[in-house]
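K.L.:
Got a structure for you, questions after.
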Amino acid sequence: MNQRTLLYDKHVELGAKMVPFGGFELPIQYGSVKEEALAVRNQCGMFDVSHMGEFYLEGPGAVEFVDHIITNDFAGAETAKAVYSPLCREDGTVIDDLIAYKLGPQKVGICVNAANIEKDWQWISARAEELSSRFEFKIRNQSGDYNLLAVQGPKTESIFKELGLIDDSEFDYYRVRARTYKGLDILVARTGYTGEDGFEVFIPGDGILALWDDLIGAGVRPCGLAARDVLRLEVCYPLYGHELGDHLTPYDANLKWTVKMAKPDFIGKNSLEGYTSKYRLVKLSLEKGIPREGYKILNGDEQEIGVVTSGTMSVTLGKGICMGLVERSRFPESKKFKIAVRKNNFEATYHAKAFVTGGHK
Amino acid sequence: MSHNVPEELKYTKEHEWVAEASGIATVGITDFAQSSLGDIVFVELPEAGTELAAEATFGVVESIKSVSDLYSPLTGEVLERNDELEASPELLNSDPYQNWMLKIKISDTSQLDGLMNAADYSAHCEGQS
């Protein structure tokens with residue numbers, strides 16, 4: 001049985017098509033996916049991402065512990081900074097990707113993928129237990145207590161100021177602030193997964209209902225999972241279960257930048273030291289046809305060298321785009337690729353950079 | 001969800017419509033189909049001369065998120081395809097009955113009797129929405 005978020009009735013009222021996702025029933029689209037995605041690129045759109053998981057850690061060892069279990073640098077991050085990172089096993093494979101928020105010198109929030117809440121909680125709480133003599137802190141799984149709304153697009157900042165969700169003080173990208181809204185303690189983070197500027201709001205209990213209505217009143221367009229997937233794929237952000245998975249390391253998904261070998265010690269460091277990835281994550285586009293997950297990636301001689309992990313029609317570019325994993329040993333130096341779309345092997349264009357540059361700060 | 005089901009057409013359970021005149025069937029997808037798919041961004045249709053078998057797939061229609069097969073309502077030969085849909089697949093969203101996909105020379109006109117009328121098709125959609 002799938003869970004429902006508090007906003008379920010509002011989604012249905014707005015005519016959303018609801019689908020199961022990560023154990024929840026969520027809106028895939030309200031109307032046109034294209035219009036929803038373009039609203040985020042050009043104006044402002046919002047996503048109910050209450051299904052995502054939140055863990056809170058508090059105590060003198062909280063920051064050092066998080067730094068130890070993730071590959072990116074968290075100990076060195078300033079207070080109020082958000083850090084994107086893979087969470088790895090000893091063998092370097094990825095349990096999940098997450099954002100860790102340094103809420104204070106002894107206080108950390110972690111936001112994880114809905115489908116992985118249980119897996120992550122088991123892993124992290126077992127490490128907390130095992131390392132309790134080294135790191136002193138308490139950890140709570142508050143996934144059910146907090147709801148999360150992602151509001152994204154170039155007009156988000158002015159709308160947030162208008163509603164008093166942020167003030168005029170400096171608020172950089174990938175930072176988090178504690179704020180109050182209608183008497184509730186909320187967290188506002190300048191993060192998101194669309195490539196656009198915007199904020200994510202962590203709000204306790206049913207506070208999200210009033211926030212949602214206020215944002216609708218301010219002209220923010222509700223957007224579904226389909227638009228979210230198009231947006232993240234256009235800017236080439238990996239998604240767990242597609243470009244990341246239990247059998248892959250961060251290096252397979254072009255996430256070397258998130259693995260900080262200069263850190264004295266972290267889980268997975270020994271395995272990732274000197275490790276060469278098995279795959280290379282490629283970005284390909286088609287002039288004709290749309291690449292889809294599972295389609296074969298071929299070299300110029302039409303030999304199979306990999307597989308599409310996520311594919312869609314880019315609403316910004318008006319062509320088919322995808323990311324895919326290609327075996328490193330078979331990566332064609334010529335950078336000539338084809339994608340098998342049903343009976344046709346279409347020539348694909350290799351992209352060194354993301355398909356779309358979002359407008360985030 | 002209300003959708004348009006013209007009285008004069010025949011329908012398949014896979015949401016194609018058929019208009020028959022002088023042994024030639026004009027085929028497209030229904031309003032219910034375009035509305036369920038959402039923004040249609042790609043259509044792949046067979047060339048003229050292709051032999052189609054009733055209920056076999058003849059092409060695909062893709063929305064941003066999904067790929068759906070198209071099923072031939074009848075056995076016959078493709079006489080013509082609507083090439084306008086390659087450049088402008090969104091025409092299927094704006095008017096699915098005006099923007100036909102194929103014209104097929106019907107091999108066996110008795111197959112038309114196996115298709116649904118408007119009332120039966122409406123009831124069929126009711127069961128799916």
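The values are calculated or read from the model by the stated rules, or taken from the named source; none is laboratory data. What you are looking at is a predicted structure, and each value in this text was computed from that prediction instead of being measured. Counting neighbours? That spans all protein chains shown, and the Cβs are built from the backbone with ideal geometry, glycine included. Accessible surface areas use protein heavy atoms only, side chains included; no ligands, DNA or RNA. Shrake-Rupley method; radii C 1.70, N 1.55, O 1.52, S 1.80 Å.
K.L.:
Filter the range B:36-66 down to the residues that are open to solvent by 40 Å² or more (accessible area, probe 1.4 Å) and within 11 Å of chain A (Cβ to nearest Cβ), then identify the one that is modelled with the lowest pLDDT.
P.N.:
The qualifying residue modelled with the lowest pLDDT is B:65.
K.L.:
What's the total number of residues in the range A:256-287 that are among the basic types (Lys, Arg) and over 21 Å from the mean Cα position of the chain (by Cα)?
P.N.:
Residues in the range A:256-287 being among the basic types (Lys, Arg) and over 21 Å from the mean Cα position of the chain (by Cα): 3 in total.
K.L.:
Could you pull out the residue among A:126, A:100 that is free of Cβ contacts under 8 Å to residues at least 24 places away in the same chain and among the aliphatic types (A, V, I, L, M)?
P.N.:
Values: A:100 fails: free of Cβ contacts under 8 Å to residues at least 24 places away in the same chain.
Sole residue among the options that is free of Cβ contacts under 8 Å to residues at least 24 places away in the same chain and among the aliphatic types (A, V, I, L, M): A:126.
K.L.:
I'd like to know if the range A:332-340 contains one or more residues that are without any contact (Cβ under 8 Å) to a residue 24 or more places away in the chain and either under 21 Å from the mean Cα position of the chain (by Cα) or farther than 29 Å from residue A:199 by Cβ (or both).
P.N.:
The answer is yes; a qualifying residue exists.
K.L.:
Answer with yes or no whether residue A:133 is modelled with pLDDT under 95 and assigned to a loop (DSSP other than H, G, I, E, B).
P.N.:
For residue A:133, the condition - modelled with pLDDT under 95 and assigned to a loop (DSSP other than H, G, I, E, B) - is not met.
K.L.:
To continue, here is another question. Within the range A:305-326, which residues are small (Gly, Ala, Ser) and more than 13 Å from chain B (Cβ to nearest Cβ)?
P.N.:
Within the range A:305-326, A:306, A:324 meet the criteria.
K.L.:
Looking at the range A:327-348 only, could you name the residues that are on the phi < 0 side of the Ramachandran plot and within 12 Å of chain B (Cβ to nearest Cβ)?
P.N.:
A:341, A:343, A:344, A:346
K.L.:
Return only the number of the condition from (1) among the hydroxyl-bearing types (Ser, Thr, Tyr); (2) closer than 13 Å to residue B:15 by Cβ; (3) within 14 Å of chain A (Cβ to nearest Cβ) that residue B:71 does not satisfy.
P.N.:
(3) is the only condition that residue B:71 fails.
K.L.:
Got a sec? Which of A:275, A:240 is of a type in the set (Phe, Trp, Tyr), surrounded by 18 or more Cβ atoms within 10 Å (Cβ to Cβ) and in contact with a helix residue (DSSP H, G or I) (Cβ under 8 Å, 6 or more places away or on another chain)?
P.N.:
Values: A:275 fails: surrounded by 18 or more Cβ atoms within 10 Å (Cβ to Cβ).
After applying the criteria, what remains is A:240.
K.L.:
Considering only the range B:74-88, I want to know if a residue exists there that is open to solvent by 40 Å² or more (accessible area, probe 1.4 Å), acidic (Asp, Glu) and at pLDDT below 95.
P.N.:
yes
K.L.:
Moving on. Hey, could you check the range A:1-21 for residues that are open to solvent by less than 30 Å² (accessible area, probe 1.4 Å) and more than 14 Å from every other protein chain (Cβ to nearest Cβ) and say which is nearest to residue A:312 (Cα to Cα)?
P.N.:
Checked the range A:1-21; the qualifying residue nearest to residue A:312 (Cα to Cα) is A:11.
K.L.:
Okay, next question. Is it the case, given these coordinates, that residue A:233 is open to solvent by less than 50 Å² (accessible area, probe 1.4 Å), touching a strand residue (DSSP E or B) at 6+ places or on another chain (Cβ under 8 Å) and more than 14 Å from chain B (Cβ to nearest Cβ)?
P.N.:
no
K.L.:
Could you please find all residues in the range A:154-184 being more than 22 Å from the chain's Cα centre (by Cα) and at positive phi?
P.N.:
A:164, A:182, A:183
K.L.:
Quick one: residue A:83 ticks every box in (1) crowded, with 18+ Cβ neighbours inside 10 Å; (2) under 18 Å from residue A:201 (Cβ atoms) except a single one, so which number is it?
P.N.:
In the conditions (1) crowded, with 18+ Cβ neighbours inside 10 Å; (2) under 18 Å from residue A:201 (Cβ atoms), residue A:83 misses (2) alone.
K.L.:
Quick one: which of A:49, A:94, A:33 is farther than 19 Å from residue A:139 by Cα, in contact (Cβ under 8 Å) with a residue 24 or more places away in the chain, of a type in the set (Val, Ile, Thr) and in contact with a Pro (Cβ under 7 Å, 6 or more places away or on another chain)?
P.N.:
Checking each option against the conditions leaves just A:94.
K.L.:
Does residue B:100 count as on the phi < 0 side of the Ramachandran plot, away from chain A (no Cβ under 12 Å) and part of a loop (DSSP other than H, G, I, E, B)? Break it down stepwise before answering.
P.N.:
On the way: on the phi < 0 side of the Ramachandran plot: yes; away from chain A (no Cβ under 12 Å): yes; part of a loop (DSSP other than H, G, I, E, B): yes.
Yes.
K.L.:
Still on this structure, please answer the following. Considering (1) more than 15 Å from residue B:12 (Cα to Cα); (2) in a strand (DSSP E or B), say which one residue B:92 fails and leave the rest.
P.N.:
Of the numbered conditions (1) more than 15 Å from residue B:12 (Cα to Cα); (2) in a strand (DSSP E or B), the odd one out for residue B:92 is (2).
K.L.:
A follow-up question, please. Got a sec? Which strands (runs of 3 or more DSSP E) wholly within the range A:143-221 have at least 3 residues that are buried (at least 23 other Cβ atoms within 10 Å of the Cβ) and not hydroxyl-bearing (Ser, Thr, Tyr)?
P.N.:
Per the criteria, A:146-152, A:198-204.
K.L.:
Go through the range B:58-68 and report how many residues are without any contact (Cβ under 8 Å) to a residue 24 or more places away in the chain and within 11 Å of the chain's Cα centre (by Cα).
P.N.:
Residues that pass the stated criteria total 1.
K.L.:
Filtering the range A:22-53 down to residues that are β-branched (Val, Ile, Thr) and closer than 30 Å to residue A:118 by Cα, which residue is nearest to the other protein chains (Cβ to nearest Cβ)? Before you say what the answer is, go through the steps one by one.
P.N.:
Our first condition is that a residue be β-branched (Val, Ile, Thr); within the range A:22-53, this holds for A:28, A:33, A:40, A:49.
Subset that is closer than 30 Å to residue A:118 by Cα: A:28, A:49.
Details: A:28: 7, A:49: 18 Å.
Residue satisfying both the conditions and the ranking: A:28.
K.L.:
Turning to a different aspect of this structure: Tell me, which residue of the range A:94-120 that is touching a strand residue (DSSP E or B) at 6+ places or on another chain (Cβ under 7 Å) and surrounded by fewer than 17 Cβ atoms within 10 Å (Cβ to Cβ) is farthest from residue A:56 (Cα to Cα)?
P.N.:
A:119
K.L.:
Next question. Which members of the range B:81-101 meet the condition of being touching a residue at least 24 places away in the same chain (Cβ under 8 Å) and over 14 Å from the mean Cα position of the chain (by Cα)? Break it down into steps so the answer makes sense when it comes.
P.N.:
Of the range B:81-101, the ones touching a residue at least 24 places away in the same chain (Cβ under 8 Å) are B:81-82, B:85-86, B:89-90, B:92-93, B:96-97, B:99-101.
B:86, B:90 - these are the residues of the range B:81-101 that are touching a residue at least 24 places away in the same chain (Cβ under 8 Å) and over 14 Å from the mean Cα position of the chain (by Cα).
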